[in-house]
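One structure below.
The values are calculated or read from the model by the stated rules, or taken from the named source; none is laboratory data. Given the structure is predicted, the values throughout are model-derived calculations rather than measurements. In this analysis, Cβ positions are derived from the backbone assuming ideal geometry, glycine residues included, and neighbour counts consider all displayed protein chains.
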Amino acid sequence: MKHENESDESAEIQLDHFIYGSDEGYKVKANSPGMDMDLHTDPFGNYFLPLKQSDAKYITDARSILPAGGKDILLSRFIKGSLDEYQRKTMANHTAIIPRILLAKGKLTYDDVDAVMCKFEAETENPRGDIPKLKIDNVGSGLDISEMKNYFARKDLERLMNFYKKEKDSKVFVFYKRSAPEQRIQAAYLLSMLIDVGLNLVPLSIFTDVVYPDAKKIFNLVLSRTMISIKPGRGWTMLPVQAPHVQSILKRSRVDPLDEIYG
């Protein structure tokens with residue numbers, strides 16, 4: 001069965017989305033009409049906000065990427081929510097539903113979706129109930145996969161991929177030293193495109209910051225500037241990495257998928 005965005009190459013791309021946040025209690029407060037809400041909320045396992053409220057003031061920009069039903073990927077932005085009924089600050093989860101095939105065929109990038117989500121948030125104050133679908137007509141603003149070398153040294157990327165090659169159920173915590181939020185976000189987009197969408201090595205469930213301890217069960221890859229939320233030896237493999245410019249990147253003569261990135 002074709003997705004509505006597959007049939008017409010020239011059609012404007014429209015994506016369903018929803019917002020989870022405070023509205024006399026936390027709940028899905030706004031969504032595109034006709035969505036399969038069970039299919040597209042189950043992957044969160046009730047952890048729509050996978051971070052501690054006490055950490056929220058330190059987390060200025062975070063994303064999650066979650067597979068849904070085999071055909072879709074959920075991209076979530078974690079943003080400031082509206083004040084609750086007691087005038088307290090809150091957080092919200094804005095999630096877009098992206099057909100995998102659009103990413104795989106290069107008809108859409110994570111950055112395209114991120115940008116239109118950001119635009120919707122800026123133009124729509126405290127949305128509730130039915131909200132229009134996200135509309136995307138300018139495609140291709142994301143990084144090329146060759147830009148991975150600016151986020152991971154080859155040896156670190158090979159180690160990361162080998163964890164999943166050896167064990168599909170691996171959970172990897174990348175201790176991304178001295179990284180800024182935008183670096184981790186772009187790295188997450190590139191890793192998803194390479195390891196999941198591109199090579200179909202393993203479905204990646206990614207969070208780009210300090211994850212709430214109980215919520216880590218829904219992810220298999222965390223990119224974080226700190227190790228405070230996950231302890232070694234509890235089902236997670238630690239991978240400390242630094243920015244590639246402080247590491248030597250060795251070129252290899254062997255042909256493999258990384259040669260297109262690193263030469």
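Determine which member of the set 48, 78 is part of a strand (DSSP E or B) and modelled with pLDDT under 95.
Working: 48 fails: part of a strand (DSSP E or B).
Residue meeting the stated conditions: 78.
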If we scan region 115-122, do we find a residue that is loosely packed, with under 12 Cβ neighbours inside 10 Å and assigned to a helix (DSSP H, G or I)?
yes
Apart from one, (1) under 21 Å from the mean Cα position of the chain (by Cα); (2) at pLDDT 90 or above all hold for residue 227; the odd one out is (2)
Of those in region 129-140 that are in a loop (DSSP other than H, G, I, E, B) and loosely packed, with under 13 Cβ neighbours inside 10 Å, the residue modelled with the lowest pLDDT is 140
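Taking the criterion of being under 21 Å from residue 68 (Cβ atoms), at pLDDT 90 or above and buried (at least 21 other Cβ atoms within 10 Å of the Cβ), would at least one residue in region 149-161 satisfy it? Lay out the reasoning, then the answer.
First, pick out the residues of region 149-161 that are under 21 Å from residue 68 (Cβ atoms): none.
Within region 149-161, not a single residue is under 21 Å from residue 68 (Cβ atoms), at pLDDT 90 or above and buried (at least 21 other Cβ atoms within 10 Å of the Cβ).
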So which residues in region 149-189 are of a type in the set (A, V, I, L, M) and either under 16 Å from the mean Cα position of the chain (by Cα) or part of a loop (DSSP other than H, G, I, E, B) (or both)?
153, 172, 174, 180, 185, 187, 188
If you check 91, 117, which single one turns out to be farther than 18 Å from residue 136 by Cα and not acidic (Asp, Glu)?
91
